[in-house]
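In what follows, a single structure is set out as structure tokens and then discussed.
Just so you know, all these numbers are worked out from the coordinates, no wet-lab data involved. All figures in this text were calculated on a predicted structure; none of them were measured in a lab. Ideal geometry is used to build each Cβ from the backbone, glycine not excepted, and the neighbour counts take in all protein chains shown.
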Amino acid sequence: MAELEDIIPRRDYKLLPHLHKKCVKCESYLFLLSHHDTISQWCGKHINPIKRSCSYCGKLFNYDELDCDVCDLEIEALADAEVGVERNEKTIRKINRKYKRGEIAEIDYQTQKEICEDEIELCTKEAERIRKHRGIGLHSEIPTQKL
Ligand SMILES: [Zn+2]
Ligand SMILES: [Zn+2]
């Protein structure tokens, strides 16, 4: 499972504040009003809460929300897939070393390696599918830590 630290750098959206031009109740000019740790717009009589909308899917949120739960489902799946690739690459390096040192039997080595390679293939395909679907450039990929 991907951790929050894997998810955040992959987020491709922002929740942007949506300002009202006029008061929704009386159409008067609005001022910014800061209260209860949040911010809204105020005409002198009516409070107009400022909403945020997701730059990717458009879902509306309260001003103090910063995460889009709709988009995060896909970003989480993307992070899972990419972390899965890294994890399996690491396992292959580990069993390669074991095999060279003669600590693992040929048959076990081949079987484990095949399982990892299948996982890598599946995860790579899934990550590519999500990136393509969301229009995330493969170039913007996070540099992975080489061990
Ligand atoms: Zn008003
Ligand atoms: Zn969204």
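Lys/Arg Cβ at +1, Asp/Glu Cβ at -1, dipole of the chain taken about the Cα centre: which of Asn62, His35, Leu4 is farthest positive-ward?
The one lying farthest along the dipole's positive direction is His35.
Of Tyr29, Tyr13, Tyr99, how do they rank once you tally other Cβ atoms within 10 Å and put the fewest first?
Ordered by Cβ neighbours within 10 Å, fewest first: Tyr29, Tyr99, Tyr13.
Based on other C-beta atoms within 10 Å, arrange Asp108, Asp67 from fewest to most.
Sorted ascending by nearby Cβ count, the order is Asp108, Asp67.
Taking the Cα centre of segment 70-134 as origin, work out the dipole magnitude from +1 charges on Lys and Arg Cβ and -1 charges on Asp and Glu Cβ, in debye rounded to 20.
Around 400 debye, computed over segment 70-134.
Quick one: dipole size for the chain, taken about the Cα centre, charges +1 on Lys/Arg Cβ and -1 on Asp/Glu Cβ, in debye to the nearest 20.
720 debye
Could you point to the residue in Leu78, Tyr109, Tyr99 farthest towards the positive end of segment 70-134's charge dipole, with +1 and -1 charges on the Cβ of Lys/Arg and Asp/Glu respectively?
Of the listed residues, the answer is Tyr99.
Too long at a 29 Å Cα-Cα cut-off: which of Lys90/Lys132; Lys100/Lys132; Lys21/Lys132; Lys94/Lys125; Lys25/Lys59; Lys14/Lys45?
Lys100/Lys132; Lys21/Lys132; Lys14/Lys45, as the Cα separations exceed 29 Å there.
Any idea how far apart Lys98 and Leu4 come out in nm if each label point goes 7 Å out from Cα toward Cβ?
In this crude spin-label approximation the distance works out to 3.4 nm.
Defining a contact as two alpha carbons under 8 Å apart and six or more residues distant in sequence, what relative contact order in percent does segment 1-94 show?
It comes to 29 percent, rounded to a whole number.
Under 15 Å Cα-Cα from Lys113, which aspartates and glutamates qualify once same-chain neighbours fewer than 8 residues away are excluded?
Partners found: Glu86, Glu89, Glu103, Glu121.
Ignoring everything except DSSP H segments at least 4 long, calculate the 222 nm mean residue ellipticity for the chain; use -39,500 (n - 2.57) per segment, divide by total residues, nearest 500.
So the calculated ellipticity at 222 nm is -15500 deg cm²/dmol.
Multiply the residue gap between Cys57 and Asp37 by 0.36 nm, knock off their C-alpha separation, and tell me the result in nm, one decimal place.
4.6 nm
From the C-alpha coordinates alone, can you work out the Kirkwood hydrodynamic radius of the chain, in Å?
Here the Kirkwood hydrodynamic radius works out to 18.9 Å.
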